[in-house]
Amino acid sequence: MNITEILKSGERIPSEMAYKLYDLELFELGEYAYKQRLKRHGKKVFFNINRHINPTNICADVCKFCAFSAHRKNPNPYKMTHEEILKIVDESVVNGAKEIHIVSAHNIEGGWEWYLEIFKKIKDKYPNLHVKALTAAEIDFIARSCGFSYEDVINKMLEYGVDSMPGGGAEIFDETVRAKICNGKVGSSDWLKIHELWHRAGRQSNATMLFGHIESRENRIDHMLRLRDLQDKTGGFNAFIPLVYQTQNNFLKDVKFLGSVEILKTMAISRLVLDNIPHIKAYWATSTLNLAMIAQEFGADDLDGTIQKESIQSAAGAKSANGASLQTFLDIIKSSGFVPVERDSLYNEIKIY
Ligand code: V47
């Protein structure tokens, strides 16, 4: 069978054939990806009411794509106290947040206790608030800095109340590209190993892919296939999140903005290749809300959340610093002919609007 026949059949795309997907036209890819999306989720567009908190931007690593960490293009270092974090959590709960998404830079001043004890404080005060926290990159950093095994850190996460893991730090798994863009950060096989351990502990997580910088199309397919292999083993990934690289205030030179056709092709291909991951998230902070809505017709079914405050992508040029309102989500989803569905962090439906 050739690639079009495989897509028509709806069978799994063999790994070697997945590399041919980018040769197809956007609308052909979109048609197959949309069919898959409709089969799984109908016309529902999922989102949650959440708040992102980034407790520090002082980072031991120097990822070239990052504009968030404090460096000479962003000379504004900060580190929050637990009291400051709790105050933000209090405000977020008042504003209706059901999930707190906490991701930090790599900063061991304060020890592992500073990273983990805040989760216990949040859960003691708000037992039903979902804490999505600690990327595999942070877990690797804490383990290396404190002489822990990955299992040690994961056991502490379970003890201190982390509910699920975000998908950050995956970047691009290809080792050559990785060495160029984020040398010294968690390696690809360790990123996958940490998620595997988390899944084996009975918990769920997401997986990201940062694209649109110096990676090739082949690198993206390879990234998706490595995730598909792990998901076959564990089933623990909820969502795949292709993050569109934002180009400002960082140290990756000569990168041209990808353009919507390539972004939508990548969304569609991820829906087609990742036949075992239930959700494809068009993270509106990196794609814009408009393109994230168009992506709903090219395989995606989720937008992430209202966020309230966003620091990582907006530092690099995205227009996401102040999040989006619930009403904005409802208006754009409905006017695009889809059905807004507020979900919890694990994709249980809370309200269909
Ligand atoms: O891993 C850093 C990315 C990620 C840039 O799990 C950039 O639900 C674009 O992982 N342009 C952190 N992206 C954010 C993240 C995330 C976001 C939303 C939802 C979830 C989830 C996870 O941000 C990092 C990195 O890949 N990032 N710099 C940039 N210039």
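Could you tell me whether any residue of region 202-222 is open to solvent by 20 Å² or more (accessible area, probe 1.4 Å), basic (K, R), farther than 28 Å from E5 by Cβ and out of contact with any strand residue (DSSP E or B) (no Cβ under 8 Å at 6 or more places or on another chain)? No, every residue in region 202-222 fails to be open to solvent by 20 Å² or more (accessible area, probe 1.4 Å), basic (K, R), farther than 28 Å from E5 by Cβ and out of contact with any strand residue (DSSP E or B) (no Cβ under 8 Å at 6 or more places or on another chain). Can you name the residue in region 246-268 that is crowded, with 23+ Cβ neighbours inside 10 Å and near the ligand (Cβ under 10 Å from one of its atoms) and, of all such residues, is farthest from L21 (Cα to Cα)? Here the answer is N250. Note on region 301-332: residues that are acidic (D, E), under 23 Å from H41 (Cβ atoms) and either buried (at least 23 other Cβ atoms within 10 Å of the Cβ) or modelled with pLDDT under 90 (or both) amount to 3. Among the helices (runs of 4 or more DSSP H) confined to region 224-338, the ones with at least 3 residues that are touching a Phe, Trp or Tyr at 6+ places or on another chain (Cβ under 9 Å) and under 16 Å from G212 (Cα atoms) are located at 260-273. Open to solvent by less than 50 Å² (accessible area, probe 1.4 Å) and within 14 Å of the ligand (Cβ to nearest atom): is that true of S149 in this structure? So S149 fails the test.
In summary, A143 fulfils each of the numbered conditions (1) away from the ligand (no atom under 13 Å from the Cβ); (2) buried (at least 22 other Cβ atoms within 10 Å of the Cβ) with the single exception of condition (2).
The residues on offer are A295, A318, and the sole one that is within 14 Å of the ligand (Cβ to nearest atom) and in contact with a helix residue (DSSP H, G or I) (Cβ under 8 Å, 6 or more places away or on another chain) is A318.
A quick yes/no check of all residues on (1) under 12 Å from D140 (Cβ atoms); (2) within 15 Å of the ligand (Cβ to nearest atom); (3) surrounded by fewer than 23 Cβ atoms within 10 Å (Cβ to Cβ):
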residue	(1), (2), (3)
L158	no, no, yes
D163	no, yes, yes
V177	no, yes, yes
H195	yes, yes, no
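Go through (1) within 16 Å of the ligand (Cβ to nearest atom); (2) surrounded by 15 or more Cβ atoms within 10 Å (Cβ to Cβ) one by one and return the number of the condition V62 breaks. Going through the list (1) within 16 Å of the ligand (Cβ to nearest atom); (2) surrounded by 15 or more Cβ atoms within 10 Å (Cβ to Cβ), V62 breaks only (2).
The values are calculated or read from the model by the stated rules, or taken from the named source; none is laboratory data. Predicted model only: the values in this text are computed from it and were never measured. So basically every Cβ, Gly included, is an ideal-geometry build from the backbone, and we count neighbours across all protein chains shown. Each accessible area value is taken on the protein alone, full model and side chains, heavy atoms only, with ligands, DNA and RNA left out. Shrake-Rupley method; radii C 1.70, N 1.55, O 1.52, S 1.80 Å.
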